[in-house]
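Comments concern the structure below.
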Amino acid sequence: MFLGTAGSMPTAHRAPAALLVRRGGDKLLFDCAEGTQRQLLRSSVGLLELEEIFVTHFHADHVLGLPGMFKTFALRGRELPLRIYGPRGLVDLLGSLKRVVGKLSYELQLVEVEPGDVLDRDGYRLAAFAVAHGVAAVGWSLIESTRPGRFDVARADELGVPGGPERGALQRGEAITLADRRTVTPQEVLGPPRAGRKLVVTGDTAPTDGIVEAAWGADVLVTEATFADEERERARETNHQTAAQAAEVAQRANVGLLALTHLSNRYFGPEIADEARAIFAETVVPRDFDVVEVPYAERGTPQLVKAGASRRREQEVVSSAPQ
């Protein structure tokens, strides 16, 4: 869910950087720019009791929303701890904000990470990787665990596996013993293992081979396109990238869908999309409150839902193909 898709400055239609990822009951916020809590309040999900926030780097257009959100949670009487993950310097940054935030009703848990660090979760992991932005910065990969193969009901019937807990055990990868003392193994009733989903969020960065490696085979790559290619030299000077460069990264990394954010206020979006699609067709340039839905591979491809998190507009499901 794209809460902020602007570059360094907000515009009338785009707020600065913030992205909410929802996976099952987990809600993960990546970056928290100025106005992020208001964007959440304006959205269909509201201001959630977030448990974790992941910061890519400490430039103002990625973190200025943190003090206000901290204070709002305290004013609501929050007691649940809030964990913030970010690159080296996180503790110093938030320590300097104490005067602004004041006393909180809950614990802030600060975790500094380095590229290569991995956070294990139930059914997936979050991996930090190096980006190139001229300051301490990391990108984040959400990588789901491999899933068991599809359960073959007909084969289970042939083998005499009763319905109920026995079939559940086989689906979990456990062998079972039937009443007649025969053993049935998962390999006898499960198809080939199925890959989980992979989402990669770079934050601000120049194009690098390391991002290609981190994003390899991702279902969705969310990365910046601050400039069009006519400003390639400006992008190089500021450690950003152009739409064409982002598309080249996506093409090399064999991703399913490229979502471009962090647009300079000199662009409206279609010109960035056109430039990227000339190289990588499966590109979208979301606006604030757009959503990308990421199904399992056997159920389809990632889809852009225009205004999918807006309170004011009906959801319109569109293809990831050019619009």
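The values are calculated or read from the model by the stated rules, or taken from the named source; none is laboratory data. A quick note: this is a predicted structure, and the numbers were derived from the prediction, not measured. All Cβ positions, glycine included, derive from the backbone under ideal geometry; neighbour counts span all protein chains shown. These accessible areas exclude ligands, DNA and RNA; they are computed on the full protein's heavy atoms, side chains included. Shrake-Rupley method; radii C 1.70, N 1.55, O 1.52, S 1.80 Å.
Listed values, structure above:
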read-out	value
Single condition ALA33 does not satisfy, out of (1) in a loop (DSSP other than H, G, I, E, B); (2) without any contact (Cβ under 8 Å) to a residue 12 or more places away in the chain	(2)
VAL91, sole failed condition from (1) farther than 18 Å from ALA128 by Cβ; (2) in contact with a Leu (Cβ under 8 Å, 6 or more places away or on another chain); (3) open to solvent by 20 Å² or more (accessible area, probe 1.4 Å); (4) not acidic (Asp, Glu)	(1)
Matching entry among LEU28, LEU41, LEU19 (being modelled with pLDDT of 95 or more, under 25 Å from LYS198 (Cβ atoms), surrounded by fewer than 23 Cβ atoms within 10 Å (Cβ to Cβ) and not acidic (Asp, Glu))	LEU28
Residue in the stretch 223-238 that is open to solvent by less than 10 Å² (accessible area, probe 1.4 Å), in contact with a Pro (Cβ under 8 Å, 6 or more places away or on another chain) and at pLDDT 95 or above present	no
Filtered residues of the stretch 249-272 (kept if in a helix (DSSP H, G or I) and farther than 19 Å from PRO16 by Cα)	VAL249, ALA250, GLN251, ARG252, ALA253, GLU271
Hits in the stretch 293-309 - residues which are among the hydrophobic types (A, V, I, L, M, F, W, C) and either part of a loop (DSSP other than H, G, I, E, B) or without any contact (Cβ under 8 Å) to a residue 12 or more places away in the chain (or both)	VAL294, ALA307, ALA309
Those residues of the stretch 98-123 which are surrounded by fewer than 14 Cβ atoms within 10 Å (Cβ to Cβ) and assigned to a loop (DSSP other than H, G, I, E, B), in sequence order	GLY102, LYS103, SER105, GLU107, GLU114, GLY116, ASP122, GLY123
Residue, surrounded by the most Cβ atoms within 10 Å (Cβ to Cβ), within the stretch 252-285, restricted to residues that are touching a Ser or Thr at 6+ places or on another chain (Cβ under 7 Å) and of a type in the set (Ser, Thr, Tyr)	THR261
Residue satisfying all of: in the stretch 293-323; at pLDDT below 95 and hydroxyl-bearing (Ser, Thr, Tyr); farthest from ILE272 (Cα to Cα) among these	SER310
Subset tally (residues that are open to solvent by 10 Å² or more (accessible area, probe 1.4 Å), assigned to a loop (DSSP other than H, G, I, E, B) and either touching a Pro at 6+ places or on another chain (Cβ under 7 Å) or at pLDDT 95 or above (or both)) for the stretch 48-66	4
Residue satisfying condition, being in contact with a Ser or Thr (Cβ under 6 Å, 6 or more places away or on another chain) and either part of a loop (DSSP other than H, G, I, E, B) or surrounded by 14 or more Cβ atoms within 10 Å (Cβ to Cβ) (or both), within set ARG83, ARG14	ARG14
Restricting the stretch 235-248 to residues that are touching a Phe, Trp or Tyr at 6+ places or on another chain (Cβ under 6 Å) and in a helix (DSSP H, G or I), the residue that is nearest to GLY210 (Cα to Cα)	ALA247
